[in-house]
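The values are calculated or read from the model by the stated rules, or taken from the named source; none is laboratory data. Only a predicted model underlies this, so the values are computations on that prediction, with no experimental measurement involved. Cβ: placed from backbone, ideal geometry, glycine included. Neighbour counts: every protein chain shown. All accessible areas refer to the heavy atoms of the entire protein, side chains included, with ligands and DNA or RNA removed. Shrake-Rupley method; radii C 1.70, N 1.55, O 1.52, S 1.80 Å.
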Amino acid sequence: MIQKKYYKTVIERFEKNLPDADTELVFHDTYELIVAVMLSAQCTDKRINMVTPDLFAAYPNVVALSEADVNDVFEYIKSVSYPNAKSKHLCEMARIVVDKFGGEIPQEFDELVTLPGVGRKTANVVVSHAFGKPCIAVDTHVFCVSHRLGLVPKTCNTPLKTERYLTSRVPKDKQLMFHFWLLEHGKRTCTLRKAKCDRCFLNDVCRKIF
């Protein structure tokens with residue numbers, strides 16, 4: 001088992017070097033957050049931020065989106081990855097939220113994952129970022145970086161196992177930021193293509209696993 005002392009050191013380094021780590025997605029409420037995160041799967045935040053202003057102008061709330069035609073939504077998001085599936089999921093998600101949850105994005109993880117197009121990662125982002133509940137969303141960057149740094153054992157070979165191990169070791173009040181720290185570190189330094197160990201502020205303590 002990874003020692004808690006190592007986690008403490010890593011957290012302290014992140015707090016010092018990435019104090020302002022946060023999502024790059026632009027949103028103003030929970031509705032816009034869940035839509036942006038759903039769209040961001042297999043796509044860059046930069047691209048999502050390019051299409052959401054017009055999308056939100058046309059459909060400013062979940063009720064408006066629930067009444068939208070899938071083909072019309074497609075036109076707004078056709079430049080993102082998998083636009084056919086995502087436009088369908090967005091409309092279905094909105095309709096269920098209106099019909100089943102009274103037009104309010106549900107706050108519970110188990111309810112969120114019942115929505116079309118909402119997986120564990122999206123649900124965790126929403127409950128942590130919008131509702132302040134402790135959890136760690138595991139996307140490609142978080143999965144890769146947590147393994148490279150030796151924060152999880154090799155047996156954590158799925159996002160779910162990685163999520164459960166990380167949440168068992170990271171203090172609850174640090175879990176939201178821990179997601180953003182790993183995400184930001186994966187974009188800046190410990191990149192998917194190649195880790196830039198020579199410029200890493202964790203280089204002297206890192207339990208490098210490649």
Margin query: Which numbered condition in (1) farther than 22 Å from Val35 by Cα; (2) surrounded by 21 or more Cβ atoms within 10 Å (Cβ to Cβ) is the only one that Arg193 fails?
Written below: (2)
Margin query: If the requirement is being among the small types (Gly, Ala, Ser) and open to solvent by 10 Å² or more (accessible area, probe 1.4 Å), which of these qualifies: Ala36, Ala58?
Written below: Ala58
Notebook entry, point to check: So, of the residues in the range 184-195 that are in contact with a helix residue (DSSP H, G or I) (Cβ under 8 Å, 6 or more places away or on another chain) and part of a loop (DSSP other than H, G, I, E, B), which turns out to be nearest to Pro19 (Cα to Cα)?
Noted result: Thr189
Next item on the list: Specify the residue that is modelled with the lowest pLDDT; the eligible residues are those in the range 129-159 that are among the hydroxyl-bearing types (Ser, Thr, Tyr) and surrounded by fewer than 21 Cβ atoms within 10 Å (Cβ to Cβ).
Entry: Thr140
Next item on the list: Any residue in the range 33-45 that's under 20 Å from Gln107 (Cβ atoms): show its pairings with residues that are not in a helix (DSSP H, G or I) at Cβ separation under 6 Å, as long as the two are six or more apart or on different chains.
Entry: Leu33/Phe27; Leu33/Ala130; Ile34/Ile105; Ala36/Leu25; Ala36/Phe27; Met38/Gly117
Check: So Asp72 clears everything in (1) touching a residue at least 40 places away in the same chain (Cβ under 8 Å); (2) outside any loop (DSSP other than H, G, I, E, B); (3) surrounded by fewer than 17 Cβ atoms within 10 Å (Cβ to Cβ); (4) not hydrophobic (A, V, I, L, M, F, W, C) except one condition, right? Which one?
Finding: (1)
Checklist line | Unmet requirement for His147, which otherwise passes all of (1) in contact (Cβ under 8 Å) with a residue 24 or more places away in the chain; (2) in a helix (DSSP H, G or I); (3) within 21 Å of Tyr6 (Cα to Cα); (4) within 14 Å of the chain's Cα centre (by Cα) | finding: (4)
Check: So which residues in the range 103-136 are closer than 16 Å to Val35 by Cα and in contact with a His (Cβ under 6 Å, 6 or more places away or on another chain)?
Finding: Pro116, Gly117
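A quick yes/no check of all residues on (1) open to solvent by less than 30 Å² (accessible area, probe 1.4 Å); (2) touching a Phe, Trp or Tyr at 6+ places or on another chain (Cβ under 8 Å); (3) at pLDDT 95 or above:
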{"site": "Asn17", "(1), (2), (3)": "no, yes, yes"}
{"site": "Phe27", "(1), (2), (3)": "no, no, yes"}
{"site": "Arg47", "(1), (2), (3)": "no, no, yes"}
{"site": "Ala64", "(1), (2), (3)": "yes, no, yes"}
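Residue-wise test of (1) at pLDDT 95 or above; (2) part of a loop (DSSP other than H, G, I, E, B); (3) of a type in the set (D, E, K, R).
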position	(1), (2), (3)
Val98	yes, no, no
Pro106	yes, yes, no
Val118	yes, yes, no
Lys121	no, no, yes
Val127	yes, no, no
